[in-house]
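These notes are about the structure you will find just below.
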Amino acid sequence: MLIEQFLCRTDNFAVLLHNEADGITIAIDAPSGASIATKLNEMKWNLNFLLITHHHVDHTEGIPLLKKETGIIQIIGPEAEKSKIQGLQHTVNDTDIFQIGTCKFEVIATPGHTTGAISYYIPEEKLVFTGDTLFSLGCGRLFEDTSASMFSSLQKLSKLPDNTKIYCGHEYTESNGQFALTIDPNNQALQNRMKDVVTLRSQGKMTLPSTIALEHATNPFLRCTDIAIRKNLGMSHASDEKVFSELRRRKDNF
């Protein structure tokens, strides 16, 4: 599986998957039809499938252009948001499994950022595409759903194998890490990671993909049981969900 990840709009990631065995190309979300079409031409790939994680315009705006200018076969997205996604042709729900060529996808419902958001997991490749649910060193804002929903979604994703590579919707790692350091300042793994992140961004390079293991070690939103984080929040005896809710509140105001 070949993966092309690139930035478009301002900080959106676009991702193309290309299976050399069958020649099928799949896009994850459509933040910019023009940028994706340019990359397809550059790689000499034909777009066959488009998988949408949630309905926000910065993930769907490119759908009309891609339908018009590529050989796209099918656009797949969340059943719960079908009325909000123009051009959706096939819908999926939590735990659904579907095959595209030789590649098997598992659907994970991950509400929180939006009520119907989903993530796509490829178990054989150990890849997960999380949209705006799980970010590198962070998580999405709660635009439509509750803190409890997002906490539950992150718990689902956190149970994927440690070596699973994470591709998310935005390049927010550096700003997320700056917040994380205010919450977990003595975390050596986080300190080391942020040094790498600052270097990469200063060179104009991307910080993704991450891994489940790396997020467990450094992402405060997956570390709600951590004693030091709880102490810093003054929440040593609170539930994990309440710790998460306070972290999200503080990040919103950071």
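Some points to look at:
- Meets criteria (out of contact with any Cys (no Cβ under 8 Å at 6 or more places or on another chain), part of a helix (DSSP H, G or I) and within 16 Å of residue 139 (Cβ to Cβ)) for residue 242: yes
- The set of residues in segment 136-150 that are within 14 Å of residue 216 (Cα to Cα) and touching an Asp or Glu at 6+ places or on another chain (Cβ under 9 Å) comprises 136, 137, 139.
- Hits in segment 172-206 - residues which are within 26 Å of residue 152 (Cβ to Cβ) and outside any helix (DSSP H, G or I): 172, 184, 187
- Residue satisfying all of: in segment 176-198; under 30 Å from residue 122 (Cα atoms) and β-branched (Val, Ile, Thr); surrounded by the fewest Cβ atoms within 10 Å (Cβ to Cβ) among these: 198
- Top-ranked residue in segment 223-253 [being in contact with a Phe, Trp or Tyr (Cβ under 8 Å, 6 or more places away or on another chain) and not acidic (Asp, Glu); ranked as surrounded by the fewest Cβ atoms within 10 Å (Cβ to Cβ)]: 250
Quick grid of which residues meet (1) outside any loop (DSSP other than H, G, I, E, B); (2) free of Cβ contacts under 8 Å to residues at least 12 places away in the same chain; (3) among the aliphatic types (A, V, I, L, M):
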position: 88; (1), (2), (3): no, no, yes
position: 94; (1), (2), (3): no, no, no
position: 105; (1), (2), (3): yes, no, no
position: 143; (1), (2), (3): no, no, no
position: 151; (1), (2), (3): yes, no, no
position: 162; (1), (2), (3): no, no, no
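Conditions tested, residue by residue: (1) in a strand (DSSP E or B); (2) surrounded by 14 or more Cβ atoms within 10 Å (Cβ to Cβ); (3) touching a helix residue (DSSP H, G or I) at 6+ places or on another chain (Cβ under 8 Å).
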site: 4; (1), (2), (3): yes, yes, yes
site: 7; (1), (2), (3): yes, yes, no
site: 10; (1), (2), (3): no, no, no
site: 26; (1), (2), (3): yes, yes, no
site: 50; (1), (2), (3): yes, yes, yes
site: 54; (1), (2), (3): no, yes, yes
site: 75; (1), (2), (3): yes, yes, yes
site: 82; (1), (2), (3): no, yes, no
site: 91; (1), (2), (3): yes, yes, yes
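- Residue in segment 120-132 that is surrounded by 17 or more Cβ atoms within 10 Å (Cβ to Cβ) and farther than 16 Å from residue 105 by Cβ present: yes
We did not get these values from a lab; they are worked out from the coordinates using the rules stated. In this text, all values refer to a predicted model and were calculated from it rather than measured experimentally. Note that we place each Cβ from the backbone using ideal geometry, even for glycine, and neighbour counts take in every protein chain shown.
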